[in-house]
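This report refers to the structure that appears directly beneath it.
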Amino acid sequence: MHRLLFWIAFGLSAAACQPAQDEVRWTPQQEALIRTLSPLPSPPVDPANRYAQHPKARHLGQYLFFEPRLSGNGKFSCASCHNPALGWSDGKAQAVGLKTGTRNSPTLWNVAHQRWLFWDGRSDTLWGQALQPLESTLEMDGDRLKVAHLIGSDPALRSAYEHIFGRFPDLRDRQRFPSSGKPMPDQLQDPRHLAWSQMAPVDQHVVNQVVANVGKTLEAYQRQIVSRPAPFDTFAEGLQTQDKAKQVALSLEAQKGLRIFIGRGQCILCHTGPVMSDFEFHNIGLPKVGKGPVDMGRFDGITALRTELFTGAGPFSDVPPDHARNDKLLYLTQQENNHGEFKTPTLRNIAQTAPYMHDGRFASLEQVLAFYAAPANAPAVGRREDTLQDLKLSAEDLLQLKAFLESLSGPTLPASLTQQPPAPAP
Ligand code: HEC
Ligand code: HEC
């Protein structure tokens, strides 16, 4: 059997050496589509965070990203679930912090390109997003008062903070600024909720400003989590410059997969541009698994956005509410269509970040592709998008698509960016 496979493979590779018989020939339209997928540009600027490019904010953010003291029990940091060695995710189906959640930890590769954060997009700023895992009782179970006191009382953290944001506020009066507290709308009797809700609004504002600034440093750091050129990018460059030596970076099989991706597979309709995401939300018809409540996805994400304080249009943003950056937020509509929609994930470095989907239901790329080959029209909730009808992908197509997806992995980042620096300031 193995010998037979060997001869088939040998035969195929011999055929590949013959003049261009089995070469993928690209039409001008296809070439134009491929150009939309590569190279990856720098992430767009974030005017809502004026510290987004600040070198000291980057450094402090990196320190805090790996810092377990931000969590309630001192054991979890952002990196516990967004581990650089695991494609900035955690290798688990559902995130496990203090408790097990219901959603998969998304990769942070190229996160600064995202317009909405979380699978349901319930945050519109990378800096405001950070407070949610930090305070979630499932994840880090930290709280904003504790974080503010930590920064104020640790001399190295305080000095790093002051070099970026100016004088740290005086929080020493524990009557006004209890040692622990956060809003907990689902647990109104929790002592931490009571402590927070009894504070004067002006004092709450002071603490919120400190944690918004902490978020701004975390954003400054995460903006550097940018993927590096993958074999696919070398190929795309070679195609454009007609450099055959570069085109061989993509195997014939992966090139055929690319042709399906931009063609009859229709993947490029949602996985658009160099990040391979349209940064928007779709219901791809994933059926219900397990007994828990149905995840409404984007529908509930929009409800949450409407009461979110740390948005681009909120009091801690560095742009006024009517800045063009906030247009999408201010004109949000919530419709039945949003039931069961989730954000299109990036496909860069996708081979590193199994399991897949918002709930981590698929352990491998094979399983994801088997789903697309014959997407059951039985969505857990809402309506599956029409684009996904009858793609008619054969077993061979799936292998080719998989080879293409695997060609989207580039080198890792330098160690200087993937671990906690020795101190909060450079
Ligand atoms: C216990 C695991 C866990 C920890 C700890 C954690 N996260 Fe996450 N993170 C998740 C999960 C799960 C999601 C998706 C949640 C959702 O969509 O509802 C997420 C989403 C995100 C996103 C959105 C990415 C996107 O593309 O939408 C960012 C950014 C992020 N986390 C950064 C952080 C930062 C910064 C910290 C530390 C302050 C942190 N995370 C701590 C599990 C974790
Ligand atoms: C209608 C839009 C749409 C189309 C078309 C589409 N996708 Fe997706 N894709 C999504 C969305 C949305 C998700 C996340 C769904 C979820 O988790 O509920 C996703 C998830 C994925 C994932 C898992 C990513 C992860 O990190 O979990 C892969 C891989 C993927 N798609 C590849 C493909 C391929 C290959 C095709 C073409 C055969 C394709 N997609 C077509 C919207 C689309």
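The values are calculated or read from the model by the stated rules, or taken from the named source; none is laboratory data. The shown structure was predicted, so the numbers you read here are calculated from the model rather than taken from an experiment. Reconstructed Cβ throughout: ideal geometry from the backbone, glycine too, with neighbour counts over all protein chains shown. Accessible surface areas use protein heavy atoms only, side chains included; no ligands, DNA or RNA. Shrake-Rupley method; radii C 1.70, N 1.55, O 1.52, S 1.80 Å.
Are any residues in segment 169-191 open to solvent by 50 Å² or more (accessible area, probe 1.4 Å) and either of a type in the set (A, V, I, L, M, F, W, C) or under 31 Å from the mean Cα position of the chain (by Cα) (or both), and if so, which ones? Steps first, answer last, please.
Step one: of segment 169-191, the residues open to solvent by 50 Å² or more (accessible area, probe 1.4 Å) are 170, 172-176, 179, 185-189, 191.
Selection gives Pro185, Asp186, Gln187, Leu188.
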key: Within segment 76-125, tally of residues that are under 30 Å from His323 (Cβ atoms) and of a type in the set (Asp, Glu)   = 2
task = Kindly list the number of the only condition in (1) open to solvent by less than 40 Å² (accessible area, probe 1.4 Å); (2) among the β-branched types (Val, Ile, Thr); (3) modelled with pLDDT of 95 or more that fails for Thr27.
result = (1)
note = Of those in segment 281-318 that are without any contact (Cβ under 8 Å) to a residue 40 or more places away in the chain and over 24 Å from Gly128 (Cβ atoms), the residue farthest from ligand 2 (Cβ to nearest atom) is Lys291
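So which residues in segment 114-133 are near ligand 1 (Cβ under 9 Å from one of its atoms) and either in contact with an Asp or Glu (Cβ under 8 Å, 6 or more places away or on another chain) or in a helix (DSSP H, G or I) (or both)? Step through it out loud before you land on a result.
Narrowing segment 114-133 to residues near ligand 1 (Cβ under 9 Å from one of its atoms): 114, 116-123, 126, 129-133.
Residues satisfying the conditions are Trp116, Leu117, Asp120, Arg122, Ser123, Leu126, Gln129, Ala130, Leu131, Gln132, Pro133.
Table: residues versus (1) open to solvent by 20 Å² or more (accessible area, probe 1.4 Å); (2) part of a loop (DSSP other than H, G, I, E, B); (3) in contact with a strand residue (DSSP E or B) (Cβ under 8 Å, 6 or more places away or on another chain); (4) at positive phi.
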site: Val207; (1), (2), (3), (4): no, no, no, no
site: Lys216; (1), (2), (3), (4): no, no, no, no
site: Arg228; (1), (2), (3), (4): yes, yes, no, no
site: Phe232; (1), (2), (3), (4): no, no, no, no
site: Ile260; (1), (2), (3), (4): no, no, no, no
site: Gly285; (1), (2), (3), (4): no, yes, no, yes
Unique match (being open to solvent by less than 40 Å² (accessible area, probe 1.4 Å), over 20 Å from Thr125 (Cβ atoms) and either of a type in the set (Lys, Arg) or more than 12 Å from ligand 2 (Cβ to nearest atom) (or both)) among Pro274, Pro355 = Pro274
query = In segment 69-89, is there at least one residue being out of contact with any Asp or Glu (no Cβ under 6 Å at 6 or more places or on another chain), of a type in the set (D, E, K, R) and within 13 Å of ligand 2 (Cβ to nearest atom)?
reply = no
request  = Would you mention how many residues in segment 329-341 are open to solvent by 40 Å² or more (accessible area, probe 1.4 Å), in a helix (DSSP H, G or I) and within 18 Å of Ile284 (Cα to Cα)?
outcome  = 2
key: Unique match (being at pLDDT 95 or above and either of a type in the set (Lys, Arg) or under 24 Å from Gly61 (Cα atoms) (or both)) among Leu218, Leu188   = Leu218
inquiry  = List the residue pairs whose Cβ atoms are under 8 Å apart, where the first residue sits in segment 23-42 and is more than 22 Å from Leu405 (Cβ to Cβ), the second is surrounded by 11 or more Cβ atoms within 10 Å (Cβ to Cβ) and hydrophobic (A, V, I, L, M, F, W, C), and the two are 6 or more positions apart or on different chains.
reply    = Ser42/Val226
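Does Thr344 count as open to solvent by less than 20 Å² (accessible area, probe 1.4 Å), within 12 Å of ligand 2 (Cβ to nearest atom), more than 22 Å from Ser251 (Cβ to Cβ) and at pLDDT 95 or above? Give the derivation first.
Details: open to solvent by less than 20 Å² (accessible area, probe 1.4 Å): yes; within 12 Å of ligand 2 (Cβ to nearest atom): yes; more than 22 Å from Ser251 (Cβ to Cβ): yes; at pLDDT 95 or above: yes.
So Thr344 passes the test.
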